[in-house]
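Every number in this text was worked out from the coordinates using simple rules, so none of it is lab data. Small disclaimer: the values here were computed from a predicted structure and weren't measured. No Cβ is skipped: glycine too gets one built from the backbone with ideal geometry, and neighbour counts run over all protein chains shown.
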Amino acid sequence: MKVMCPQDSLARGLGVVSRAVATRSTLPILSNILIQTDEGRLKLSATNLEIGIRCWVKADITDPGAITIPARLLAEFVNQLPSGLVTLDLNGRNQTMHVTAGQHKADIKGIDSADFPVLPSVDEGTRFSLDTRTFKEMIQQVVIAAATDDARPVLTGVLFIADPDVGRLTLAASDGFRLSVRESELDAPIDGRISLIVPARALAELQRIASDDDDPIRVSIPAARNQILFQLKDVDIVSQLIEGNPPDYEKIIPTAAATRAVINTKAFLGAARIASSFARDAANVVRLTLTPGTELGGSVTISATSAEVGGNESEIEAAVDGEAMEVAFNARYLLDVLGVVNSDQIALEVASPSSPGVFRPADQTPFTHIIMPMHIAR
């Protein structure tokens, strides 16, 4: 194999696929990136057996071939090279890649490509497309609620439901302390209802890699395989699915509230950030005091108190209807949801101090986030 490609394109491609490289594996080849020629382009692939990423890079191919190279070493070397063309020249006899760019050169030993796991391609399974900008926003708003602890694998995933009967796509995730649900209309009809659990990490990588300007994301669910494939313009992300029964999220969402407050999102986020600094030494508890409006309007007071460092209190004007209420939430959970709401105002509904808080954008975006309350010491 001998190819030439621009340094910036190669570095970008290596950066994309490196996110799927296994960091702790007993199989050395999973720490490598598969480099191969593919119909006039250079194809880079990496996998940790749970997530796989493929990326295509423009290249001038003199001699086709394939090899796997240690991901970290190759990426670090290419990132340090000057702008210009990079030449990759494989010596097949000793499986060594000779890399040159200007005055820089290196020999990197690899492993035969025949041992690299095969990533699936599109077959005759279920296929449909999703608007990239909308799907990225959905992912961002839902993955924050997925668990990061593998003790219950089903909670580390995102429930992915595409229902042609109502023409709606639903994403939902819960770690047991909070729940995120986001819905959107399907752009086109699909054959049959789809319900599966996609690892949150795979969706987070898709959200990170995809550009708002990209064409629609093409989704493929290979027949008879426990996998899902997302296709972008020059990148494929394939992920294993999670088996199990997710919580019935519809039963978790409260149907009634004693108090409803509509708050400026930016002001709420700023006050919550201040309070979180004091909450770190107080079990991460942030208190919200909801005061119903009079002719001057209501207010929400955000506060945190620590016996060691002191306390703070911030008051925000808000439209508050119903009973006066004091409720407490985990500061990080509060910051997470406020950080992904793209509406100027957010609505908070609470039934009692011991009931979950329901957060929704005031602009009617179909996004619902539930946070379980924390105990307030009296």
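For the pair residue 23 and residue 107, label points projected 7 Å from Cα toward Cβ lie 3.3 nm apart. Taken over the Cα atoms of the range 163-297, the convex hull encloses 214 Å³ per residue.
Of the residues 108, 271, 237, the one whose Cα sits farthest towards the positive end of the charge dipole of the chain is 108 (charges of +1 on Lys and Arg Cβ, -1 on Asp and Glu Cβ, taken about the Cα centre). Size check on the range 253-371: the Cα extents along the three principal axes, sorted descending, read 40, 31, 25 Å. I'd like the FRET efficiency for residue 168 and residue 91, computed as 1/(1 + (r/R0)^6) with the beta carbon distance as r and R0 of 56 Å, rounded to 0.05. Once the sixth-power term is evaluated, E becomes 0.55. In summary, the aspartates and glutamates within cross-link reach of residue 109, defined as a Cα separation below 17 angstrom excluding same-chain residues under 8 places away, comprise 76, 89.
Given q = 0.15, 0.18, 0.21, 0.22 Å⁻¹, what are the Debye log10 I(q)/I(0) values for the range 84-130, with equal point scatterers placed on the Cα positions and solvent ignored? Here log10 of I(q) over I(0) equals -0.62, -0.69, -0.77, -0.81. For 363, 131, 248, the sequence from fewest to most other C-beta atoms within 10 Å is 248, 363, 131. Fewest neighbouring Cβ atoms within 10 Å first, the residues 313, 185 line up as 185, 313. For the range 106-200, the set of trypsin sites (Lys or Arg not before Pro) satisfying both a DSSP loop assignment and a count of at most 16 other C-beta atoms within 10 Å is given as 193. Which of the trypsin sites (Lys or Arg not before Pro) found in the range 22-65 are in a DSSP loop and have at most 11 neighbouring Cβ atoms, other than their own, within 10 Å? Those that pass, being in a loop and sparsely packed, are 24.
Volume of the convex hull of the range 2-115 (Cα atoms only), normalised per residue: 92 Å³. In the chain, helical runs assigned H by DSSP with n ≥ 4 each contribute -39500 (n - 2.57); averaged across all residues and rounded to the nearest 500, the mean residue ellipticity at 222 nm is -5500 deg cm²/dmol.
Counting other Cβ atoms within 10 Å as a rough exposure proxy, the listed residues 50, 250 run 250, 50 from fewest neighbours to most.
Peptides 147-155, 262-270, ordered by how many other C-beta atoms sit within 10 Å of their residues on average, highest first, read 262-270, 147-155.
Fully extended, how many nm does the chain gain between residue 252 and residue 79 (0.36 nm per residue separation, minus their Cα-Cα distance)? Could you put the intermediate results ahead of the total?
On the way: separation 173, 0.36 × 173 = 62.28 nm, distance 4.74 nm.
So the chain would gain 57.5 nm between residue 252 and residue 79.
Build a GNM of the chain with springs between Cα atoms under 10 Å apart, and of 25, 129, 184 the one that fluctuates most is 25. Its Kirkwood hydrodynamic radius, worked out from the mean inverse distance over all distinct Cα pairs, puts the chain at 23.3 Å. For a paramagnetic label modelled on residue 224 (point 7 Å from Cα along Cα→Cβ), amide N atoms under 16 Å away belong, within the range 89-131, to 120-126.
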